[in-house]
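Below: one structure, written as structure tokens.
Values in this text are rule-based calculations from the coordinates and carry no lab data. Because the structure is a prediction, the values reported are computed rather than measured. A quick note on method: Cβ atoms are made from the backbone with ideal geometry, for glycine too, and the neighbour counts reach across all protein chains shown.
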Amino acid sequence: MRVKLLVALIVLLLAGVGADFAAARYFEGRVATVLARRYHLERPIVQVRDFPFLPHLALGRFSAIDLAASDARARGITAERVEVHLHDVSAPREVLLGEGGAITVRRADGQVQLSEAEVNNLFRSVLRGGSVQLTRDGVRIAVATNVAGQPVQASLAGTIGARNGHLQFTPTRIEGAAPIPPVLANQLMSLFRLDVPVPRLPADIQVERVVTAPGALILSGTAGAVRVAT
């Protein structure tokens with residue numbers, strides 16, 4: 001008798017888990033459609049972090065929902081990948097049923113990954129013929145230019161950061177195939193202290209932090225509160 005009861009409980013548990021999983025996947029698909037329209041993304045992937053799902057759906061409140069998409073485009077920029085983390089989300093049951101409703105996000109943050117080629121496009125107007133190389137340790141700019149009437153070829157290593165919606169490159173050292181006179185080196189360092197405004201990013205992420213990786217630049221920050229009618 002006890003064995004049969006145990007088996008019955010296991011079957012009910014598995015059925016409940018299966019129903020919870022199926023409902024969550026369907027809900028994620030509905031939310032992905034809504035957020036794709038709001039953030040202008042193609043085929044984003046959405047994952048609800050709250051488990052079990054059905055009790056949260058019954059309350060219409062979720063602590064965290066993650067969204068990710070590749071090849072995301074915004075005004076003047078294309079991101080290799082965008083990730084958005086939505087916090088304190090309200091989503092009525094009507095959304096799951098395909099009826100009208102509104103998804104409200106009270107807080108959001110995320111990150112956008114730009115390729116090295118995209119960063120070069122972004123900095124093109126201030127590079128003066130140079131090219132950006134992204135490494136795990138920072139940024140290098142290969143330059144071939146004239147300083148005080150003299151041709152100079154060098155590599156500038158430095159750091160990149162974000163401030164007031166701009167990306168700022170600050171050179172910290174200079175390397176050349178041949179020794180560069182200090183006066184020219186100082187002028188070159190000053191010439192390539194760069195400040196570039198960041199265009200509108202996918203998901204309207206406001207840049208607060210910058211991290212470099214081999215061949216990529218990762219911009220992260222907050223996004224505003226969102227209310228999307230379905």
Rounded D (µm²/s) - the range 116-218, Kirkwood Rh over Cα pairs, Stokes-Einstein at 25 °C, 0.890 mPa s | 173 µm²/s
FRET efficiency (Ala117, His166; Cβ distance; R0 25 Å; to 0.05) is 0.75
